[in-house]
Structure formats: C-alpha cells, structure tokens
1. So which strands (runs of 3 or more DSSP E) stay within segment 30-102 end to end and still have 2 or more residues that are surrounded by 20 or more Cβ atoms within 10 Å (Cβ to Cβ), modelled with pLDDT of 95 or more and of a type outside the set (Gly, Ala, Ser)?
2. Quick check on my filter: what residues within segment 23-70 are of a type in the set (Asp, Glu) and within 18 Å of residue 96 (Cα to Cα)?
3. Can you confirm whether residue 257 is over 17 Å from residue 169 (Cα atoms) and at pLDDT 95 or above?
4. Would you please list the contacts, defined by Cβ atoms under 6 Å and residues six or more apart or on different chains, that run from a residue in segment 352-368 that is at pLDDT 95 or above to a residue that is among the basic types (Lys, Arg)?
5. State all residues of segment 50-76 that are acidic (Asp, Glu) and farther than 21 Å from residue 93 by Cα; if no residue qualifies, say none.
6. Condition test on residue 260, is it touching a residue at least 24 places away in the same chain (Cβ under 8 Å) and of a type in the set (Asp, Glu)?
7. State which residue is farthest from the chain's Cα centre (by Cα) when the search covers only segment 180-197 and only residues that are charged (D, E, K, R) and outside any loop (DSSP other than H, G, I, E, B).
8. Mind listing whichever residues of segment 310-368 are of a type in the set (Asp, Glu), over 16 Å from the mean Cα position of the chain (by Cα), assigned to a loop (DSSP other than H, G, I, E, B) and surrounded by fewer than 16 Cβ atoms within 10 Å (Cβ to Cβ)?
Amino acid sequence: MKALISPFVLLLSILASLVLPGHADDSTFHIYAPNRGPETLLVVRATASEDGALALEALDPFDLGIPAGSIVAHPDEPLLYITENWSGGEGIQGAAVHLADDGGVAEFQLFPIANGYSYLGLDRAGRFLLGCNYRNGIVDVYELGEDGSPGPLVSSVTEGLGNAHSALPSPDNSFVYVPYVKDNNALHQYRFNADTGALTPLKTLDAAPPENTGPRHIAYHPELPMVYFSNEQQLGVSVWEKLDSGQLELRQMAGLTDVEAPEKGVSGSDIVITPNARFLFTGIRGPKHDFDHISRFAIEEDGTVRHLGLTEADAVPWGLALSPDGRHLLASGHRSGTLMAYRIEDNGDLTRVATLDWGKGVTDLIAR
C-alpha cells in the first residue's frame, strides 16, 4: 500500500521548492559571453515576463586570465568550455567553467589547447569537444571525461585551407561539416566516429558551394535532414539536404529580398534555428556602411526557407543565441558593446525588448 502524503506536508514541499537557494523558475535564464579584452567571462541574468518582456541584469564578471573569445555549453552538465580564438603556438589555453546552481561560476580549470579556435562545438553525446581554427583551417577533437572534464587531443584534420569557420556534428552524431569563407569558399564533409572522435573525409570531400558564397556557421533542422549555413559573402542562407551517405546536396540559395545591400564591406555572421523549426535568424554586419541587421527567414514544410525581412541591430551583430524556451533572440554587438534581446513574434518579426551595455569586443555568447 502506498503511503499517503498529508496536504500539510505537500504544501510545505511546494513552498520549499519555491524558496530554497538555487531554485530558478522557467522565466529566468543566464547569458554567458567571454570578452578577450579584459579577459573576463560576462554573466547576465535574464528574467522574462509573461508578455515577453525581458529584464537583463549584469552580474559580476568572472576573471578568466586568458584572452578567450569562443564559448560552448555542455548539453548535460552545468559546464562551459571557453578558449582563445586567434592565437596559436605553445602555451595557449582553454577554460572549463563549472556553473553554480544560481547561474554564477562555481569553479574553473584551465587546460592546454593545440590551437586557437574561432568556433567550438560538442558532439551529441557530450563526449567530445571540437575546435575549429580559422587561420590554418585545422579542426581538433578533444575527448571529455564522464563528468565533462577536458581530456586529451584525440583527432585533428586539416586540408591546407585557411578561413575555416565552424565544425558541428550532425544530429545523428555521424557527420561533421566544415565551411570555409572568403576566397577559399568550400564546404568539407567528414564522417565522425562517435566512439573515438576520429574524422574521416567522405569520398567527395568538398560539397562545392556556389562561388562567392562563403558558408560560415551551421544550423540543423530538428526533424528533417536539412542543414543550413549563414553565408558570409552572399549575405543569405544556403539550404542543403543531408543524404544517408552524409553527402550534402544543395537545395536552395536564399538571399535578401526587397533590400539592396552594399556590394563590399558587408558580411554575414551567425545563424540560429528556433526549436519549433519555424524560423531562422542570421546576423549581417556592415561597419563601413551602417548596415547592421538581423535577417529573418521562415522555414517551409519541406525545409526550404523564405526571407521575411531585416530587423535593425546595433553595430556589428556577431554572435546569436536563443533563450532556452526559444521565445527570445539574443545578439552581441561587437562594435556597439551591447547585448541585444528581441522577442520572437508569432509571424517571425523581432521586437527589441531589452538592451544592455556590456563592453566592446564580444563575439560569441550562449544562453542556458
């Protein structure tokens, strides 16, 4: 016979869950961003109201002691990985940051890295950390311990091209794609061994994106075998289908509509897809022309996209992130020194609901 819980005891347990330290309701999340200038990790508490407004509160920055610029969060553990991104050679480091229950930093440890990484990715099982080196086009894979602690370098590939910009395993954890921007303009395809972390080139290494595309960052459709890249040079989105072999086949090049962008001095940046797969957002940076925007796309049932328009952003929107519930888009203004927060409307429009000054130089950010 099951024991009965008295109404009084049940009430006490509910009240305790609301007031005990470390409890966070669904309306509160945190935003993390490394700033290589002061060598700190910026921490912001975000509190959403029922109407979609957002209150941003900057907490005390955490001193990292390394000029870090790239960040990724472990899928299961309260753990962040942060690395230097431009430098190379001996002595460069990354940091594993353990988060406290209240969203602050509990502790951190430095660990050696082989290269600086402009992009960090994690495999779907949380067993490997991938770093993409921009200058030399190197992709390194590090093994992680069962608790997420950084381990040894277990795999590394390079094809002799510079300007590599990201590396992220597919949802089935079987493939990794590495896009190259600017004159190198390539999209390399690898099989990923989820047991060892090894990367093996597919028979056709380069998916061969159209000229002057510059695929940069990647997003995967949560249900369909569709892969999306923000295009640094073309300013739009390229849509690819992932075949069973892992080979990518181009399905669509979607550009901007009803707007004429400057021919030079403008580039695409990050990309995110909403959890419900209804919308895609990319950043457009135009520091020489005051042409800084968030570009909005609707995702059709077949996985192709339709451009909805542009939303103004502060100077040089670099990194993008979504709130954990997918209701808000967050963007870092690299030159403006601001954190921008937008409410995502039902039709894909973006409404600015909050702005926080947090210092120039931020590129990547995450929310959890």
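The values are calculated or read from the model by the stated rules, or taken from the named source; none is laboratory data. Remember, it's a predicted structure, so these values are computed and weren't measured experimentally. Counting neighbours? That spans all protein chains shown, and the Cβs are built from the backbone with ideal geometry, glycine included.
1. Counting at least 2 such residues, we get 40-48, 68-73, 79-84, 93-99.
2. Those that are of a type in the set (Asp, Glu) and within 18 Å of residue 96 (Cα to Cα): 39, 63.
3. Considered against the rule, which asks whether it is over 17 Å from residue 169 (Cα atoms) and at pLDDT 95 or above, residue 257 comes out as no.
4. Short answer, once both residue conditions are applied: 353/343.
5. 50, 51, 57, 60, 76
6. For residue 260, the condition - touching a residue at least 24 places away in the same chain (Cβ under 8 Å) and of a type in the set (Asp, Glu) - is not met.
7. Step by step, filter segment 180-197, then rank; the result is 183.
8. 345, 346, 349
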